[in-house]
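Please read the structure below before turning to the comments.
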Amino acid sequence: MPIHNLPHATALLPQALQHFQRGELDQASVLLQRILDRQPRDFDALHIMGVIHAMRGQPQMAVDCLNKALSVKKNNSFVHFNLARALIEMGKHEEALPHHRKATELAPEHAVAWLNYGKSLFELERISESITAFDRALQIQAGYAEALNNKGLALAELGRIPESIACFRQAIAQQPDLTDAHWNLALQQLKLGNYGAAWIDFEFRWGTEGYSKATWAEQKSGWQGNESSASLLLWGEQGIGDQILYASILPELATLPQKKYVALDKRLIPLFERSMPGFEFVDLATVSDALGFAEQLPLGSLPRLFRPDLASFARAHQPYLQADAGRSAELRLKIARGDRLVCGVSWSSKRQKLGACKSLDLAQMLTPLASSRLHFVDLQYGDTAAERQALQQAHGIEVQHVEEIDNFHDIDGLAALIEACDVVITTSNSTAHLAGALGKTTLLLLPLGKGQFWYWAEIDGHIPWYSSIQAFYQREAGNWQHPLQEIKAALETR
């Protein structure tokens, strides 16, 4: 319709609003665009159009519309609220803060506005302030499950685990189907070694971000841990580190009579075939019904059946992975430097969201540790040439890189290289899991709060999953000085 033939904008707005309220976003947006073609600064049309863009998963377009709306009316609490939400979707928490503040200032009794404010403060690591915001939301709306769940996360970040558990339980009591609260409760229970209770809530992981099941897993019966004549598929979930972790239980299943397939990242298969007879290992990426299995279970559900309490870890076979002895012996000849202690090092995690807080620069790791009695070997996956060269030029510290081993693609080769080292120093990544599964003495650097995963928690003074790993913790977030000093002292005793 030509612009000059449009009905008056004010006549179209009620129609657009009706479509919007019925969830008819296409019809609403057509009418809103007609209004904006005639009146580009129509506040209501800009606001509703911005909300529609946000609902369609178009946060940048939402931000553009909502900023235009604010240029017309700068003190509307709902526009500030919706603009802050769109910025959160884009990960722009710092940019969202002034809009959170304005939304809560203009509408101080808006519980969701306080909740969102707290979420951004949490992401910006302003943890105590985030708790204040969550508490304000709870003052306005007692028993607000989302606020309780997020407050629990913030308390856990401060190491106040029992208080965080209480928050998650309250959230579940208010909203039993709140998947994130069940999942968060499981993770904190695991940190305390409350395994029996934790594994029940651990199954809620399938409703959280990053977890999904293939169609073949949904269609097959879930194995209950029993002996059977029916063939069984145990399949890996998440990344290589998680697959190695949960596979620690597999040796206890080797004597079960049924045919046992184990689907893993294909890079792990040569190492596992050597280490664990009694299973047929297959590439996780190619699994289908054609394999002919009758029952299935994700590896992450094995602990619910076989690790109900701390005492059950006594059944674990440690180490449970075996490197290629011949290859390891050859590598030892290449990396040995007389009587110097050969230290394999890995300093970075590429994990999305949390990788940065678990990582440090190579120079940051090794300048406090360097000594004439230590020789460093590169175990880090990815291209490390620039970092190694910069370290040698600036500090005279060599980190030997073994060219024949691709630390990312050749996991069997990496295992042999780890076995050839005297000790491993690493951050929380797949190298740490691999070293632990091989039984290699490992000094593990762990962050405070974010990135300190449940499986590294020390129970009764040790990490139950890996007896050869010793953890060294940050005392303040982002500061590696203290754990590096402790590792230096530990190396001096070897």
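List of remarks:
- All positions within region 67-86 that are free of Cβ contacts under 8 Å to residues at least 24 places away in the same chain and assigned to a helix (DSSP H, G or I): ASN67, LEU70
- Considering (1) in contact with a strand residue (DSSP E or B) (Cβ under 7 Å, 6 or more places away or on another chain); (2) surrounded by fewer than 18 Cβ atoms within 10 Å (Cβ to Cβ); (3) in a loop (DSSP other than H, G, I, E, B), the lone condition that GLU237 does not fulfil carries the number (2).
- Of the residues examined, SER231 is one that is assigned by TED's automatic domain parsing to the domain that holds LEU299 and either at pLDDT 95 or above or surrounded by 13 or more Cβ atoms within 10 Å (Cβ to Cβ) (or both).
- Looking at HIS462, HIS433, HIS482, just one residue is surrounded by fewer than 15 Cβ atoms within 10 Å (Cβ to Cβ) and either of a type in the set (Lys, Arg) or within 25 Å of VAL377 (Cα to Cα) (or both), and that residue is HIS482.
- Of all residue pairs spaced 6 or more apart or on separate chains, those with beta-carbon atoms under 9 Å, a first member in region 13-27 that is assigned by TED's automatic domain parsing to the domain that holds MET55 and a second member that is hydroxyl-bearing (Ser, Thr, Tyr) and surrounded by 13 or more Cβ atoms within 10 Å (Cβ to Cβ) are ALA16/SER29; HIS19/SER29; PHE20/SER29.
- Checked against (1) under 24 Å from the mean Cα position of the chain (by Cα); (2) surrounded by 18 or more Cβ atoms within 10 Å (Cβ to Cβ), ALA285 passes all but condition (2).
To keep it simple, each residue is scored yes or no on (1) crowded, with 16+ Cβ neighbours inside 10 Å; (2) of a type outside the set (Lys, Arg); (3) within 21 Å of ALA325 (Cβ to Cβ).
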{"position": "THR367", "(1), (2), (3)": "no, yes, no"}
{"position": "PHE376", "(1), (2), (3)": "yes, yes, no"}
{"position": "ALA415", "(1), (2), (3)": "yes, yes, yes"}
{"position": "GLU419", "(1), (2), (3)": "yes, yes, yes"}
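- Being modelled with pLDDT of 95 or more, touching a helix residue (DSSP H, G or I) at 6+ places or on another chain (Cβ under 8 Å) and under 18 Å from PHE313 (Cα atoms) is a description that does not apply to ALA197.
- Check on ILE52, assigned to a helix (DSSP H, G or I), within 39 Å of the chain's Cα centre (by Cα) and closer than 30 Å to LEU354 by Cα: no
The values are calculated or read from the model by the stated rules, or taken from the named source; none is laboratory data. Because the structure is a prediction, the values reported are computed rather than measured. Reconstructed Cβ throughout: ideal geometry from the backbone, glycine too, with neighbour counts over all protein chains shown.
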